[in-house]
Amino acid sequence: MELTTVWFGLIAFLWVGYLVLEGFDFGVGILLPVIGRSERERRAVIATIGPVWDGNEVWVLVAGGATFAAFPEWYATLFSGFYLPLFLILVALILRGVAFEFRGKRPDATWRLRWDAAIFIGSLLPAILWGVAFANIVAGVPIDAKHEFTGDLFTLLNPFGLLGGLTTLALFVTHGAVFLALKTTGELRARANRVAAIAGLVTAVVAVVFLAWTQQQRGDTASLIVSVLAAAALVGALVANRLGREGWAFIGTAVTIALAVVALFVALFPDVMPSSTDAAFSLTTTNASSTEYTLQIMTVVAVIFTPLVLLYQGWTYWVFRRRVAVDQLPADEGTEGAA
Amino acid sequence: MDALDLARWQFGITTVYHFLFVPLTIGLSFLVAGFQTVWVRTGNPAYLRLTRFYGELFLINFALGIVTGIVQEFQFGMNWSTYSRFVGDIFGAPLAIEGLLAFFLESTFLGLWIFGWDRLPKRIHLATIWIAAIGTVLSAYFILTANAWMQNPVGFTFNEAAGRAELTDFVAVLTNPLAVITFLHTIVAALLTAGAFVAAIALWRIARRPGPDDAAFRSAARIGAVTVLVAGLLVFVTGDQQARVMTSVQPMKMAAAEALYETSQPASFSLFTIGTLDGSRELFSIRVPDVLSFLATGDFNGRVEGINDLQAGYQNLYGPGDYRPIIPITYWTFRLMIGAGALAAVAAAWMLWLLRRGSFRPNRWIVAMAIVLPFLPLAANSLGWIFTELGRQPWIVFGLMWTSAGVSPGTSSLEVAITLLTFTLLYGGLAVVEVELLLRRIRAGLPPEPGPGGTTGDEAERPAAFAY
């Protein structure tokens, strides 16, 4: 296989990792005001993702860096072209990251409510915007002969793009609700279970419409099969959630997101950014890539270190595998520190 | 201002801001790991409390370093797409490797450290902070490799047909002499920064909030001050080496650092120079004979090329144009960097003198020193960074691409203005919050000794008191 194809696959893998992992912590952030009804409950909700959200977020940094290294043209066109959406994602990620770290550092309620709002908005915006971005990448955007994006923000806010945003939002909310049901006890767990059931139904409708539309725009047999499997995984997740089998439900939503991302990348290949101006201007795995030599080096590094990362990140999830119970939360650190 | 100017301001502001947190994070990770190691080995509870106290401050600082780092990773593509296309084949690799090797390590193991106090065996928990610390150093190495390539491009060929630089020797990129020396200089500067931070806070506590924890803070003050002195010496040694490498690969930067207009042999070191406004010659200066020759070449009688000769040479080589950086900025940032670092070392020496017999009588000079000290290395770090980046101008990649040619062509000045304004305001606001939180923690003092912890066999997770 061509190294450019290998790297297309690796970049797809990094995005799968990112959206599956940060997908549930975005969902948890969005559901914070819904499921966490008191300060203690909100602390419990945040504690479920506390040890892992930052490691999850690194996946997007590596996806970005790997795109820069393996497909510089793709990186340059995408990041300069999708300028304002990416900027909004950056602002959201900044607010959200700081909010997780800072909210517990002071005991007062107003302080914490403000950071809770930052967590909510900081999770909501990227959950929508990543979907908008990916839908547009797959559908194609105006790109000229020099590989420059020639549209603007409103080019991206087309019906298909917006439906993509709605799809990732619904998927992540469901994924987050299932994760919360898996990681909490008592009332929180029951509430998360109910939210997952409702959000799951909405997701099923939106996601099926989106994948069908994608299929109609750019699909082939392979992407069709993957899309159908993604839909099947979602149904499985909803059934498992219904039966209270939270582990299986979480695996189900994780597989759904993974397959949905794979379906998009399969539909995309061999383009990486199709041009809607003229197919001849499209960025492909070959005309956007780095040299063979650079790809060889990157391949060696990826082959050695990716399994290592998976191993120690997996270990983190094992260490923090237990459920978070509201009544077991320690005394408030903020007030303790001030004493 | 056009999109180019705005993009440059944005890179400058976001990078300098990011770099306020980074050295402190790198250095503190090692000092906190050191405190925890002492606790694990001796069982002395004072060191556990110091670990937690400085660990909290470290985490508040780390949070901002992380989130502002994401902007850096995206910014090349967003504002500098032509640059990204031109260098991606070479420059992207260290960035991707930094993420894969370093960022995953830092974030995952810090998560384990923060939340693992009651979950992990003592020694494994200790290992997590050391691994995170190693992650910060790896990160510094790879990103400085990328930056050094912009200063001194090596291991590449220019592909005329593709219109881009292409990698031919990755080992040469990783062992770029400028990368290696800059890395060492940055790491020891980071330790100096953290040492000053630890020592100054401890001294302030002893002077202004005396109490039962004085003994613990005296230990911290000594450790911090010794770190500053040892690191300070190494900063000096590595900085001296770096100046020599810089003179050989970027002679214009060295000449601009010194505002040395005419080629000299031997060259004197200027303590104070005023030049004409157009930066073509000097009007007045105070000088130490022969020192610049030694700094630049290692020989007191070495020949150092001047700005005017270099400018003429570059015009012959690269065509007409102004190849001089903004001389007053390079000149003053270079000097003030050295001055701020040296002052921090003097303060640390004074502190050790005060602590030589244990207690001392606090006065307002000591308190003032404690308040100023943490800012000296921060200033030196920023100035050094500004110097090395502005000293590279007008090049974005030395000898290959002008900064003005690297900007994204399709991005409007309105777009860049919006992002510049938002980042600046957001960063400013977050700085206020961060300082406020740090002060609150410093005033609160050492946390109480934790009771016997550990959850075994419980069905539910009990997040550590350290957690959110």
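The values are calculated or read from the model by the stated rules, or taken from the named source; none is laboratory data. Computed from a predicted model, the values in this text were never measured in an experiment. Heads up, the Cβs are rebuilt from the backbone with ideal geometry, glycines too, and the neighbour counts pull from every protein chain shown.
Considering only segment A:182-202, I want to know if a residue exists there that is in contact (Cβ under 8 Å) with a residue 24 or more places away in the chain and under 15 Å from A:Val20 (Cα atoms).
Within segment A:182-202, not a single residue is in contact (Cβ under 8 Å) with a residue 24 or more places away in the chain and under 15 Å from A:Val20 (Cα atoms).
Do we find a residue being part of a helix (DSSP H, G or I), in contact with a helix residue (DSSP H, G or I) (Cβ under 8 Å, 6 or more places away or on another chain), surrounded by 23 or more Cβ atoms within 10 Å (Cβ to Cβ) and in contact (Cβ under 8 Å) with a residue 12 or more places away in the chain anywhere in segment B:160-170?
Within segment B:160-170 (the criterion being part of a helix (DSSP H, G or I), in contact with a helix residue (DSSP H, G or I) (Cβ under 8 Å, 6 or more places away or on another chain), surrounded by 23 or more Cβ atoms within 10 Å (Cβ to Cβ) and in contact (Cβ under 8 Å) with a residue 12 or more places away in the chain), the answer is no, since none of the residues qualifies.
Go through segment B:305-352 and give me each residue that's free of Cβ contacts under 8 Å to residues at least 60 places away in the same chain, within 30 Å of B:Ile366 (Cα to Cα) and surrounded by 21 or more Cβ atoms within 10 Å (Cβ to Cβ).
Listed by number, the residues that qualify are B:Thr333, B:Met337.
Quick check on my filter: what residues within segment A:82-107 are more than 7 Å from chain B (Cβ to nearest Cβ), over 18 Å from A:Arg43 (Cα atoms) and either aromatic (Phe, Trp, Tyr) or in contact (Cβ under 8 Å) with a residue 40 or more places away in the chain (or both)?
A:Phe82, A:Pro85, A:Leu88, A:Ile89
Pairs only if they're at least six apart or on different chains, beta carbon under 8 angstrom, first in segment B:81-92 and assigned by TED's automatic domain parsing to the domain that holds B:Arg164, second of a type in the set (Lys, Arg); list them, first residue then second.
Correct list of pairs: B:Arg85/B:Arg164; B:Phe86/B:Arg164; B:Val87/B:Arg164; B:Gly88/B:Arg164; B:Asp89/B:Arg164.
Test each condition in (1) more than 8 Å from every other protein chain (Cβ to nearest Cβ); (2) small (Gly, Ala, Ser); (3) more than 20 Å from the chain's Cα centre (by Cα); (4) buried (at least 24 other Cβ atoms within 10 Å of the Cβ) for B:Ala127 and report the one that comes out false.
Every listed condition holds for B:Ala127 apart from (4).
One residue is enough: does segment A:218-231 have a residue meeting the conditions of a type in the set (A, V, I, L, M, F, W, C), under 23 Å from A:Leu180 (Cβ atoms) and in contact (Cβ under 8 Å) with a residue 60 or more places away in the chain?
No, because not a single residue in segment A:218-231 is of a type in the set (A, V, I, L, M, F, W, C), under 23 Å from A:Leu180 (Cβ atoms) and in contact (Cβ under 8 Å) with a residue 60 or more places away in the chain.
Conditions tested, residue by residue: (1) buried (at least 19 other Cβ atoms within 10 Å of the Cβ); (2) outside the structural domain of B:Leu390 (by TED's automatic domain parsing); (3) more than 18 Å from A:Ala66 (Cα to Cα).
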position	(1), (2), (3)
B:Leu120	no, no, yes
B:Thr136	yes, no, yes
B:Ile143	yes, no, no
B:Met150	yes, no, yes
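Against the conditions (1) over 24 Å from A:Leu234 (Cα atoms); (2) touching a strand residue (DSSP E or B) at 6+ places or on another chain (Cβ under 9 Å); (3) surrounded by fewer than 24 Cβ atoms within 10 Å (Cβ to Cβ), where does A:Asn158 fall short? Just the number, please.
(2)
Per-residue answers, yes or no, for (1) assigned by TED's automatic domain parsing to the domain that holds B:Met150; (2) in a loop (DSSP other than H, G, I, E, B); (3) of a type outside the set (D, E, K, R):
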position: B:Val230; (1), (2), (3): yes, no, yes
position: B:Thr238; (1), (2), (3): yes, no, yes
position: B:Ala243; (1), (2), (3): yes, no, yes
position: B:Glu262; (1), (2), (3): no, yes, no
position: B:Pro266; (1), (2), (3): no, yes, yes
position: B:Ser270; (1), (2), (3): no, no, yes
position: B:Ile274; (1), (2), (3): no, no, yes
position: B:Ser293; (1), (2), (3): no, no, yes
position: B:Asp299; (1), (2), (3): no, yes, no
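For the structure I just gave you, tell me whether B:Arg392 is modelled with pLDDT under 95, assigned to a loop (DSSP other than H, G, I, E, B) and away from chain A (no Cβ under 14 Å).
Yes.
Which one of these is more than 8 Å from chain A (Cβ to nearest Cβ), over 28 Å from A:Asp152 (Cβ atoms), at pLDDT below 95 and within 21 Å of the chain's Cα centre (by Cα): B:Gly65, B:Gly99?
Just one listed residue meets the conditions, B:Gly65.
Could you say whether any residue in segment A:24-33 is farther than 26 Å from B:Thr424 by Cβ, acidic (Asp, Glu) and not in a helix (DSSP H, G or I)?
The answer is no; no qualifying residue exists.
Which one is surrounded by the fewest Cβ atoms within 10 Å (Cβ to Cβ) among residues in segment B:400-436 that are more than 21 Å from the chain's Cα centre (by Cα) and acidic (Asp, Glu)?
B:Glu436
Going by what's in this entry, would A:Gly244 be described as surrounded by fewer than 23 Cβ atoms within 10 Å (Cβ to Cβ) and more than 22 Å from A:Pro159 (Cβ to Cβ)?
yes
Say whether the condition of being over 19 Å from B:Ile181 (Cα atoms) and crowded, with 16+ Cβ neighbours inside 10 Å is met by at least one residue in segment B:233-254.
For segment B:233-254, residues over 19 Å from B:Ile181 (Cα atoms) and crowded, with 16+ Cβ neighbours inside 10 Å: absent.
Just to be sure I understand, how many residues within segment B:451-463 are modelled with pLDDT of 50 or more and facing another protein chain (nearest Cβ under 10 Å)?
So the answer is 0.
Give me the residue from segment A:34-59 that is polar (S, T, N, Q) and assigned to a helix (DSSP H, G or I) and, out of that set, nearest to A:Val261 (Cα to Cα).
Among those residues, the one meeting the criterion is A:Asn56.
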